[in-house]
Amino acid sequence: MTIETMPRLVLERVYPTTPEVLFGCWTEAEQLKRWFAPSPAHVTAFAEVEATRDGKYRIGILDHSTGKTHIVAGVFHEVWPFSRLVFTWAWQTPGEPPDETLVTVEIEPVGSQSKLVITHERFPHVVMRDSHEKGWSGCLDKLAEVL
């Protein structure tokens with residue numbers, strides 16, 4: 001399988017805020033902690049973000065139903081203020097698949113709102129993509145609540 005044929009996920013949402021505010025939700029640790037959890041049973045335990053080219057991030061998501069903290073980390077390849085982020089994504093939690101994938105976050109103004117497009121790609125199989133689609137959808141719903 002080539003990178004071009006690997007499963008990928010694209011999600012799109014529109015939020016009632018400016019690109020600057022929405023970008024900060026992705027690049028500021030305190031903002032990430034408010035929304036980066038896939039369901040009401042989860043909470044963001046910690047977030048570390050260095051949103052610069054080659055900067056790193058690390059996010060811990062506590063699952064209250066199991067008491068387990070899932071950790072995801074990666075490196076930023078692109079950081080275009082208020083419009084685009086590209087970063088690697090890899091679970092560091094024992095028992096989670098170690099596969100590194102790639103996430104692109106694009107933000108553009110739409111009138112007085114902002115359109116967000118997330119492309120998560122390079123999944124080794126469809127099951128992993130579908131699992132991430134559920135997680136991202138929950139996170140994006142929570143982002144809408146905090147905005």
Percentage relative contact order, the chain, counting C-alpha pairs under 8 Å, at least six apart: 30 percent
Label-point separation in nm, VAL10 to HIS64, each point 7 Å along Cα→Cβ: 3.6 nm
Cβ crowding within 10 Å averaged over residues, with 46-52, 135-141 ranked highest first: 135-141, 46-52
Per-residue ³J(HN,Hα) for segment 114-123, Karplus 6.51 cos²θ - 1.76 cosθ + 1.60, θ = phi - 60°, Hz, x for Gly and Pro: 9, 8, 10, 10, 10, 10, 10, 9, 6, 6
Taking the Cα atoms of segment 8-146, report the difference between the largest and smallest coordinate on each principal axis, in whole Å and largest first. 43, 28, 28
Just to confirm my numbers, what's the Cα centroid distance between segment 55-85 and segment 1-44 in Å? 9 Å
For segment 62-73, in order, what is each residue's ³J(HN,Hα) by Karplus, 6.51 cos²θ - 1.76 cosθ + 1.60 with θ = phi - 60°, in whole Hz (x at glycine and Pro)? 7, 9, 4, 6, 10, x, 8, 9, 8, 10, 10, 8
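FYI, it's all coordinate maths here, none of it is from the lab. Owing to the predicted nature of the structure, the values given are computational and were not obtained by experimental measurement. Backbone-built Cβ (ideal geometry, glycine too); neighbour counts: all protein chains shown.
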